[in-house]
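The values are calculated or read from the model by the stated rules, or taken from the named source; none is laboratory data. These numbers come from a predicted model, not from an experiment. Methodologically, a virtual Cβ is constructed for each residue, glycine included, from the backbone with ideal geometry; neighbour enumeration extends over all protein chains shown.
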């Protein structure tokens, strides 16, 4: 079991491998948490938009491990852009999961999903949302605070006025789609980058060039993709409800050579994610 951790800028330790739970309903999420914890996972990632926080909570309390040994992440809905809306949403997440605190709380997107990457950048609203995050952090409701899907200018907007710096930015980052400039910017500012969809929604699994490199190391394409992100200094949160996949995803004790890392950085970008092409917009398809 790959169980390395990374220390966030405030000293909180976060496991480099987590379990993603997007598209799992409450019952599936509860079982996935139990299975993952029994395999050795300690980091579980959910979001208000996933609508499975109740299931996540049930999983946490029905698995045979102390709460403080688990690292639980959730995300404030992208539509919550006022101070009060964010405070209410944090309390709602805590209540749904039955928790006294959240290990990592993230703003899910700089814009509401229906306006994702459109003209209105919501700079002032994000400052207000961040103030609510800071206050929840000071009260001990959350142990770490961060962002998701924030571009460099979105992050600069927060850094310009914040009292507590963001500790994390969770973004799409995988073989064939690695935003290296954004990753480097975050790392320069002591912001840990987390990679969601690190296996590209499965779309990279049939890439012949990537398969060749995976074969060289005697690993699956999925394992190679996870290890690639980890070697870039990222946290990975592959989503699965399959215990066999959880086990394989946690078997990452190999090292990709510098030459192969360079090749993987330059794999031709995926143009179409098939049924997941609307990702990560929860309010409609990307234009």
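Output the number of residues of the range 116-149 satisfying the condition of being in contact with a strand residue (DSSP E or B) (Cβ under 9 Å, 6 or more places away or on another chain) and more than 20 Å from residue 46 (Cβ to Cβ).
Number of matching residues: 3.
Within the option set 157, 149, 120, being buried (at least 18 other Cβ atoms within 10 Å of the Cβ) and free of Cβ contacts under 8 Å to residues at least 60 places away in the same chain holds for one residue only, 157. For the range 92-114, does any single residue satisfy the condition of being surrounded by 16 or more Cβ atoms within 10 Å (Cβ to Cβ), over 20 Å from residue 53 (Cβ atoms) and either over 21 Å from the mean Cα position of the chain (by Cα) or without any contact (Cβ under 8 Å) to a residue 12 or more places away in the chain (or both)? There is no residue in the range 92-114 that is surrounded by 16 or more Cβ atoms within 10 Å (Cβ to Cβ), over 20 Å from residue 53 (Cβ atoms) and either over 21 Å from the mean Cα position of the chain (by Cα) or without any contact (Cβ under 8 Å) to a residue 12 or more places away in the chain (or both).
Applying the set (1) surrounded by 13 or more Cβ atoms within 10 Å (Cβ to Cβ); (2) modelled with pLDDT under 95; (3) assigned to a helix (DSSP H, G or I) to residue 275 leaves exactly one unmet item: (1).
May I ask you to list the residues in the range 165-186 that are more than 24 Å from residue 209 (Cβ to Cβ) and out of contact with any strand residue (DSSP E or B) (no Cβ under 7 Å at 6 or more places or on another chain)? Matches in the range 165-186: 165, 184, 185. Taking into account only those residues within the range 170-195 that are farther than 19 Å from residue 268 by Cα, touching a residue at least 40 places away in the same chain (Cβ under 8 Å) and surrounded by 21 or more Cβ atoms within 10 Å (Cβ to Cβ), which is farthest from the chain's Cα centre (by Cα)? Ranking the qualifying residues of the range 170-195, first place goes to 191.
When the residues of the range 57-78 are filtered to those that are assigned to a loop (DSSP other than H, G, I, E, B) and free of Cβ contacts under 8 Å to residues at least 60 places away in the same chain, the one that is farthest from the chain's Cα centre (by Cα) is 64.
Listed by position, the helices (runs of 4 or more DSSP H) enclosed by the range 182-249 that each have at least 2 residues that are within 30 Å of residue 157 (Cβ to Cβ) are 221-231.
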